[in-house]
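Undergrad: Questions regarding the structure given below will be posed in turn.
The values are calculated or read from the model by the stated rules, or taken from the named source; none is laboratory data. Keep in mind it's a predicted model, so treat the numbers as computed, not measured. Here the Cβ positions follow ideal geometry from the backbone for every residue, glycine too, while neighbour counts run over all protein chains shown.
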Amino acid sequence: MLLFGSLDLTPLHSIPWKGLHVGGAGRPVEYDPECDLRALMLRQLEQIPYVKDLVKRLRRYRDMRSACGYGEKVPTEAHFSQMKKRIGVKGFSAVEKWLRHEALRLRKSQPLSAVGLIQAACVDGTDLPAWSSRDPHDTSRGLGDPDARLGRGKKGFILGYQSLFLVDIEGFPLGHVEAPANINEKKLVEPLLDRLLDEDIEVELVAGDSQFESEQVFDALNARRTSNIIPWRRLKGRENPSDVLTVKDRIDVEGPEHLRVVYKRLRAKSESLNGRVKARLAYSRLT
């Protein structure tokens with residue numbers, strides 16, 4: 001009961017109730033859709049990969065049913081499938097946006113976050129393998145998951161997607177955007193910033209590794225009056241400015257000491273977030 005005891009879903013009332021019969025003749029709503037929303041949150045927290053396993057555990061454990069708000073009876077797997085289709089991507093994105101804003105508002109260690117001012121953040125991506133084999137007629141895409149594409153991941157080529165996160169200096173995810181694995185991460189920076197600006201978050205400085213060193217990324221940040229700490233690559237015939245970081249080897253950089261300190265701190269937090277969401281929230285096992 002303590003898990004969702006302090007979580008007030010009243011401001012989201014219209015989203016889970018979308019498309020449901022609420023009055024007049026007809027079959028009444030059997031399960032409170034807010035209970036269904038809590039159950040899906042619990043699925044991620046408990047790392048339950050399949051909805052059918054979530055239903056089995058809800059039927060078996062009374063504490064899980066009580067935490068979500070159910071009685072002795074729980075929904076079927078088909079009920080959750082209908083719910084997800086009814087709410088849609090935009091609905092779940094709105095739920096996530098509200099939950100993230102609530103988390104920012106309640107952070108005591110970063111009071112400026114409550115008003116949407118983030119002093120420093122880091123952009124970093126991670127890969128999401130698709131649960132699909134390749135299409136025999138087009139091996140660059142998935143067979144059961146036609147939106148998945150073949151692209152370069154952290155450990156070689158994968159069939160799937162990628163997620164680009166913006167993480168603050170304490171490792172809190174400010175926002176993210178997803179795309180097929182064959183899309184260059186540089187092209188995702190501007191959509192990510194656009195999504196965050198819609199949420200009234202102001203970021204003063206963004207760090208990123210050397211793969212984000214491009215005019216496209218620099219222009220996108222400058223247009224939003226955001227500074228950057230992005231190491232420059234060593235290119236033949238080019239002398240990098242002395243006031244920027246330069247790639248020294250695969251993981252280290254050289255340049256002004258104050259930039260190196262901030263860069264390494266932010267990079268460590270972003271890498272830590274990628275590990276946490278995959279290990280604790282089963283992010284790499286989504287179906």
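Undergrad: For region 222-237, name all the residues that are assigned to a loop (DSSP other than H, G, I, E, B) and aliphatic (A, V, I, L, M).
TA: Listed by number, the residues that qualify are ILE230, LEU235.
Undergrad: Restricting the search to region 8-67, which residues are within 28 Å of the chain's Cα centre (by Cα) and of a type in the set (Lys, Arg)?
TA: Those that are within 28 Å of the chain's Cα centre (by Cα) and of a type in the set (Lys, Arg): LYS18, ARG38, ARG43, LYS52, LYS56, ARG57, ARG65.
Undergrad: Cβ-Cβ distance below 8 Å, separation of 6 or more or different chains: which pairs start in region 11-22 with a residue that is on the phi < 0 side of the Ramachandran plot and end on one that is part of a loop (DSSP other than H, G, I, E, B) and modelled with pLDDT under 90?
TA: PRO16/LEU9; LEU20/VAL29; HIS21/ARG27; HIS21/PRO28; HIS21/VAL29; VAL22/VAL29
Undergrad: Does PHE172 satisfy the criteria of being crowded, with 20+ Cβ neighbours inside 10 Å and of a type in the set (Phe, Trp, Tyr)?
TA: Values: crowded, with 20+ Cβ neighbours inside 10 Å: no; of a type in the set (Phe, Trp, Tyr): yes.
When the stated conditions are applied, PHE172 does not pass them.
Undergrad: Looking at region 238-285 only, could you name the residues that are among the polar types (S, T, N, Q) and either assigned to a helix (DSSP H, G or I) or crowded, with 18+ Cβ neighbours inside 10 Å (or both)? Lay out the reasoning, then the answer.
TA: Step one: list which residues in region 238-285 are among the polar types (S, T, N, Q), which gives 240, 242, 246, 270, 272, 274, 284.
Once the filter is applied, which keeps residues that are among the polar types (S, T, N, Q) and either assigned to a helix (DSSP H, G or I) or crowded, with 18+ Cβ neighbours inside 10 Å (or both), region 238-285 yields SER270, SER272, ASN274, SER284.
Undergrad: Name the residue that is nearest to the chain's Cα centre (by Cα), counting only residues in region 117-143 that are among the small types (Gly, Ala, Ser) and farther than 16 Å from ALA181 by Cα. Can you show your working first?
TA: Our first condition is that a residue be among the small types (Gly, Ala, Ser); within region 117-143, this holds for 120-121, 125, 130, 132-133, 140, 142.
Retained after the next criterion (residues that are farther than 16 Å from ALA181 by Cα): 120-121.
Details: ALA120: 18, ALA121: 15 Å.
Checking each candidate, the answer is ALA121.
Undergrad: Within region 100-130, which residues are surrounded by fewer than 17 Cβ atoms within 10 Å (Cβ to Cβ) and either of a type in the set (Val, Ile, Thr) or modelled with pLDDT of 85 or more (or both)?
TA: Those that are surrounded by fewer than 17 Cβ atoms within 10 Å (Cβ to Cβ) and either of a type in the set (Val, Ile, Thr) or modelled with pLDDT of 85 or more (or both): VAL115, PRO129.
This table checks each residue for (1) at pLDDT 90 or above; (2) β-branched (Val, Ile, Thr); (3) crowded, with 19+ Cβ neighbours inside 10 Å.
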site: GLY71; (1), (2), (3): yes, no, no
site: HIS79; (1), (2), (3): yes, no, no
site: PHE92; (1), (2), (3): yes, no, no
site: LYS97; (1), (2), (3): no, no, no
site: GLY156; (1), (2), (3): no, no, no
site: LEU159; (1), (2), (3): yes, no, yes
site: LEU166; (1), (2), (3): yes, no, yes
